[in-house]
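Asker: If you scroll down you'll find the structure; I have some questions about it.
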Amino acid sequence: MEQSVRDEILTKLKAAPKAAFPARPHLPPYKTLSMDREQLIAEFITRLTEEAVVVHRAKDFPEALEKLTVVALEEGLKKVMATADDVVLRLDLPAWGKKNDIQIMTPRDFPDRESYRDAVFDQAQAGITGVDFAVAESATIGLIHNQDQARLVSLAPILHIAIVPVDRLVPVYEQVIEKVFGNKKQCPSQFVFISGPSMTGDIQGVLFKGMHGPRKVIVILVG
Amino acid sequence: MEIKTEQFTELAKKELKNDRQRLFLKLIPPVMRMKREAGFSTLPDAPAAMACGAAIRAEAMARLPELLEEFEKNATANGMKVVWARDDKEANEFIRNLAKEKGIQYVTKGKSMVTEETALNEVLEEQGIEVWETDLGEFIAQQLHRTPFHIVGPAINVPVEEVRDLFIEKIGLKEPTLDPVKLGYAARLFLRDKFHHVKMGITGVNMAVAETGTIINVENEGNIRFTKASPPIQVSVMSLEKVIPTMKDALHMVRLLCRSCTGQRLSVYVSMDSGPKKKDEIDGPEELYIVIVDNGRSKIYQDVKAREVLRCIRCGACLAGCPVWRQIGGYAYGWAYSGPMGQVLNPMLLGLDKTQELYRASTLCGACKSICPVGIDHPSLFLYYRSKDVLEDPNFKSKERPWAERQFFRIWSFAASTPWLWNLGVRMARPFINKDARDGIISKAIGPSEGWFRNRDLPSMAGFTFHDRWKKIQNTESRGQKSE
Ligand code: SF4
């Protein structure tokens, strides 16, 4: 039956009169495309700050860990969930956690969706993730979801800490899209752009942060 | 939800009496407009970007069947299950059966206009399956049993007092408050528990990319991400016009959508699914269904002019831009789609007969057209529908005009195309038409044209016709020349 519904709809559409469509106008390039590295970083930080994202900059990964320690102290973190992506792995969080008396959970510690959901919804005070991309056009980070980058870690805890290596920063979205979706046989099951904390203005237009997702996003720029 | 598009005038009158709402409608749209303009100013060439948006959507519509096939092929290759539905019933039935088969007790939903259109919630609820709308505005609208006031802020007009009382009753709000932030937080806690244990999530689709078989959702709250990440089953419902040729096009459209909608450069979350989760992923859907709903669109598609409405990306900008919507708000339009967007869409989805007043309730000022990021020409569509309606086109389900009106226009068209009769008529009608004139203005009439004057004046007709005056002028001039 499904087959016939499909064919019926498509046949109908194909039988309709053909129409011409206008050519795409030329679009001038985005200003971020002509920026050098430091300008790009400065632009990205401006955008992040506009979206109320707290930004720390570290020259390397050891310094990033120091920044993280400060953040953990300020936020009173005792138990966090971290992904196992290549950026986070470079931080060696288990060792850091032991030293600072912070329990580090990862999605892999859990045998099934239920127990993992319990932890990420009810126990994790923060989610720590790396990012695959950052885009200076807006305050945007891009995460490829896969076995190392679980989806709820950057979403369910009230605080999201994103570790952003500066060499992953690009001027515009297109560069990300090309890398992530360039080979259509290898598209990730989900890819997400995140630009600041979750928010809403649904009651009388009053804006507030932390509607369903994180109320606060902290970016630690590395490099 | 009952469709009330036929009661537009009554509903509009009622809405006009709501003073608080009217005050709100005075305050919010200018803010929205300012934000929108600031958003567009961040594009290097905003008019070109909008023209490009129009071109992308026009191309998507011109290539619709081919793009749908390409989308289906790629989505299926990625492991999504694509299901087609002729109408609301088929779409709802599929989702209901799936939910029953999987033993689902409740679902969480991301805001989806098409399921609003198909009234999916009612069908699921009849089966005893709880439905939780999770977009804050939609959650409030659902609990109040109302249609969306605005497509982006479905309950943005609801006074805080009402939200407070609603939350006390429905979600056990413990400490009554009038602080929107605290109210929002209460909803967060309540819905969080739903997200935590949900087994099936239902979302809409902002764009479906043919090139890669990817669906895109754009949101600020995170409820759609939860609805897609937490449960093992995801159902995403799209009306068939949502396809976009390429990923690059999609990103351009996202840029326009976010700016046009809320003035943001990018909404907080733009999530793109190209398939169910892989085996070693712990969250995300094990099964991912895409329901492609026709529900009248393939019929609209047959008419090349009317097809233009299918370009709409539901940004909502034309609502706050419309001088009519800014007076009456969203409820009077009587269905899921309100404002100019609804006025062009509803007549095509429901028929010209059931939406008589919708495409007439416009001053044709063109504010909507000038704002629309995909180049929909609303005023010309209104005129098109009006003409289709009076020409009684069966394809558009027009409503038969009253007998007297038809006779009047029959005589009118005969007279207007018969010069001697016309000339005679305009001379004879003058004293009759001008008899109610006051200071050169006619503001009332008795008889069948009475209604026309309810909101309008007509300048009275000149004493003589143009031809008569011309003759007179020429006579005087030729006399003048002689006397020289
Ligand atoms: S008609 Fe145009 S302006 Fe109105 S919602 Fe659709 S895309 Fe936006």
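The values are calculated or read from the model by the stated rules, or taken from the named source; none is laboratory data. Everything quoted here is computed from the prediction, not taken from an experiment. With ideal geometry, Cβ positions are generated from the backbone for all residues, glycine too; neighbour counts draw on all protein chains shown. Accessible surface is based on the protein model in full, side chains and every heavy atom, while ligands, DNA and RNA are left aside. Shrake-Rupley method; radii C 1.70, N 1.55, O 1.52, S 1.80 Å.
Asker: To the nearest 10 degrees, how steep is helix A:2-15 against the longest Cα principal axis of chain A, on a 0 to 90 scale?
Answerer: Result, in degrees: 60.
Asker: Could you report the buried accessible area between B and A, both sides summed, computed with a 1.4 Å probe and given in Å² to the nearest 100? Kindly include the intermediate steps, with their values, before the conclusion.
Answerer: On the way: alone 24960 and 13600 Å², together 30460 Å².
Between B and A, the summed buried area is about 8100 Å².
Asker: Another question about this same structure. Which of the chymotrypsin sites (Phe, Trp or Tyr not before Pro) across region B:336-433 are loop residues per DSSP, with 14 or fewer other Cβ within 10 Å?
Answerer: none
Asker: Another one. Averaged across A:120-131, how many Cβ atoms of other chains sit within 10 Å of each residue's Cβ atom?
Answerer: 1
Asker: Would you grab the residues whose amide H sits under 5 Å from the one on B:Trp84? Only those 5+ places off in sequence or on another chain, please, with H modelled 1.01 Å from N.
Answerer: Those lying under 5 Å, H to H, from B:Trp84 are B:Ile292.
Asker: Determine the principal axes of the Cα atoms in the protein assembly as shown, then give the extent along each, sorted from largest to smallest and rounded to whole angstroms.
Answerer: 112, 64, 54
Asker: Using the Karplus curve 6.51 cos²θ - 1.76 cosθ + 1.60 with θ = phi - 60°, what ³J(HN,Hα) values do you get for each residue of region B:109-123, in whole Hz, with x for Gly and Pro?
Answerer: Running phi through 6.51 cos²θ - 1.76 cosθ + 1.60 with θ = phi - 60° gives 10, x, 4, 9, 5, 5, 6, 5, 5, 8, 6, 4, 3, 4, 5 Hz.
Asker: In terms of Cα to Cα distance under 19 Å, which lysines are near enough to B:Lys26, apart from those fewer than 8 places away along the same chain?
Answerer: The reachable lysines, counting only those whose Cα sits under 19 Å from B:Lys26, are B:Lys13, B:Lys14, B:Lys17, B:Lys35.
Asker: Got the relative contact order for chain B handy, in percent, Cα pairs under 8 Å and 6 or more residues apart? List each step's numbers first, then the result.
Answerer: Values: 766 pairs, mean separation 94.0, N = 484.
Relative contact order comes out at 19 percent.
Asker: Where a ≥ b ≥ c are the square roots of the eigenvalues of the C-alpha gyration tensor, would you call chain B rounded, which needs a/c under 1.5, or, failing that, prolate if a/b is larger than b/c, or oblate?
Answerer: The shape class here is prolate.
Asker: Once the Cα gyration tensor of region B:1-86 is diagonalised, what are the square roots of 5 times its eigenvalues, in whole Å and ordered largest first, as equivalent ellipsoid semi-axes? Working shown, then result.
Answerer: Details: eigenvalues 283, 136, 34 Å².
So the three semi-axes of region B:1-86 are 38, 26, 13 Å.
Asker: With a sphere of radius 15 Å drawn around the Cβ of B:Met461, what net charge do the other residues whose Cβ falls strictly inside it have (Lys, Arg +1; Asp, Glu -1)?
Answerer: Computed value for this residue: +1.
Asker: With runs of 4+ DSSP H residues as the only contributors, calculate the mean residue ellipticity of chain B at 222 nm using -39,500 (n - 2.57) per run, divided by the residue total and rounded to the nearest 500.
Answerer: When only DSSP H runs of four or more count, the value is -15500 deg cm²/dmol.
Asker: Go from 0 up to the bin containing the longest alpha carbon distance in region B:46-295, width 5 Å each, and give me the % of pairs per bin.
Answerer: 1, 6, 13, 17, 19, 17, 13, 8, 4, 2, 0, 0
Asker: Lys and Arg at +1, Asp and Glu at -1: add these up for the other residues within a Cβ distance under 13 Å of A:Tyr30 and post the number.
Answerer: 0
Asker: Using the Cα gyration tensor of region B:242-328, with a ≥ b ≥ c the square roots of its eigenvalues, what is the shape: rounded (a/c below 1.5), prolate (a/b larger than b/c) or oblate (neither)?
Answerer: Oblate.
Asker: A follow-up question, please. Give me the one-decimal Kirkwood hydrodynamic radius in Å for region B:403-483, with the sum taken over alpha-carbon pairs. The partial results should precede the final answer.
Answerer: Numbers: mean 1/r = 0.0660 Å⁻¹.
The answer is 15.2 Å.
Asker: In the P(r) worked out for region A:1-92, what percent of Cα pairs fall beyond 23 Å?
Answerer: 61
Asker: As an exercise, identify the trypsin sites (Lys or Arg not before Pro) in region B:406-476 lying in DSSP coil whose Cβ has no more than 15 other Cβ atoms within 10 Å.
Answerer: Of the trypsin sites (Lys or Arg not before Pro), the ones in loops of region B:406-476 whose Cβ has at most 15 other Cβ atoms within 10 Å are B:Lys435, B:Lys444, B:Arg456.
Asker: Sequence-distant or interchain residues sharing an amide H contact under 5 Å with B:Val243, placed H: which?
Answerer: B:Ala208
Asker: Related question: What part of the accessible area of region B:403-483, given as a whole %, is carbon or sulfur when the probe is 1.4 angstrom?
Answerer: 63
Asker: Long-range amide H contacts for A:Val164: which residues qualify at under 5 Å (H placed 1.01 Å from N, peptide plane, sequence gap of 5 or more or a different chain)?
Answerer: Placed amide hydrogens put A:Ile220, A:Leu221, A:Val222 under 5 Å from A:Val164.
Asker: Quick one: grab the alpha carbon gyration tensor of region A:39-85, order the square roots of its eigenvalues as a ≥ b ≥ c, and give me rounded if a/c is under 1.5, else prolate or oblate depending on whether a/b is larger than b/c.
Answerer: Working: a/c = 1.97, a/b = 1.59, b/c = 1.24.
Prolate, since a/c reaches 1.5 and a/b exceeds b/c.
Asker: Going through region A:45-148, which trypsin sites (Lys or Arg not before Pro) have at most 14 other Cβ atoms within 10 Å and a DSSP loop state?
Answerer: Sparse-neighbourhood loop trypsin sites (Lys or Arg not before Pro): A:Lys59, A:Lys78.
Asker: So what are the radius of gyration and Dmax for the Cα set of chain A, in Å?
Answerer: 20.9, 70
Asker: Further question on the same structure: In whole angstrom, note down how far apart the Cα centers of region B:203-242 and region A:46-69 are.
Answerer: Value for the Cα centre distance between the two parts: 31 Å.
Asker: Now a separate question. Through the Karplus equation 6.51 cos²θ - 1.76 cosθ + 1.60, θ set to phi - 60°, convert the phi angles of region B:232-245 into ³J(HN,Hα) values in whole Hz; use x for Gly and Pro.
Answerer: Result, ordered by residue: x, 10, 10, 10, 10, 9, 9, 6, 5, 8, 6, 6, 9, x Hz.
Asker: Still on this model: Could you run the Karplus curve 6.51 cos²θ - 1.76 cosθ + 1.60 with θ = phi - 60° over region A:36-43 and give me ³J(HN,Hα) per residue in whole Hz, x for Gly and Pro?
Answerer: Each residue's phi maps through the Karplus curve to give 7, 3, 5, 4, 4, 5, 4, 4 Hz.
Asker: Hey, what angle do you get for helix B:419-434 against the long axis of chain B, alpha-carbon based, 0 to 90 degrees rounded to 10?
Answerer: Taking the Cα atoms of chain B, the angle to B:419-434 is about 80 degrees.
Asker: Next question, about the same structure. Under a Cβ-Cβ cut-off of 15 Å, what is the net charge of the residues other than B:Lys471 that fall near it, where Lys and Arg count +1 and Asp and Glu count -1?
Answerer: Counting the neighbours of B:Lys471, the net charge comes to +2.
Asker: Here's something else I'd like to know. Over the whole of B:259-267, what's the average partner chain Cβ count within 10 Å per residue? Rounded to a whole number, please.
Answerer: Other-chain Cβ atoms within 10 Å of each residue's Cβ, averaged: 4.
Asker: Probe radius 1.4 Å, ligands and nucleic acids left out: which of A:Thr129, B:Thr262 has the largest accessible area, and how do the rest follow? Each step should come with its number before you reach the end.
Answerer: Details: A:Thr129 0, B:Thr262 45 Å².
If we order A:Thr129, B:Thr262 from most to least accessible, we get B:Thr262, A:Thr129.
Asker: Give me the percent relative contact order of region B:46-295, please, defined on Cα pairs under 8 angstrom at least 6 residues apart.
Answerer: Answer for region B:46-295 is 28 percent.
Asker: To the nearest 500 deg cm²/dmol, what mean residue ellipticity at 222 nm is calculated for chain A from DSSP H runs of n ≥ 4 alone, each contributing -39,500 (n - 2.57), summed and divided by the residues?
Answerer: Computed ellipticity for chain A at 222 nm equals -9000 deg cm²/dmol.
Asker: With axes computed from alpha carbons, what is the tilt in degrees of helix A:61-75 against the longest principal axis of chain A, rounded to the nearest 10 within 0 to 90?
Answerer: Tilt relative to chain A: about 80 degrees.
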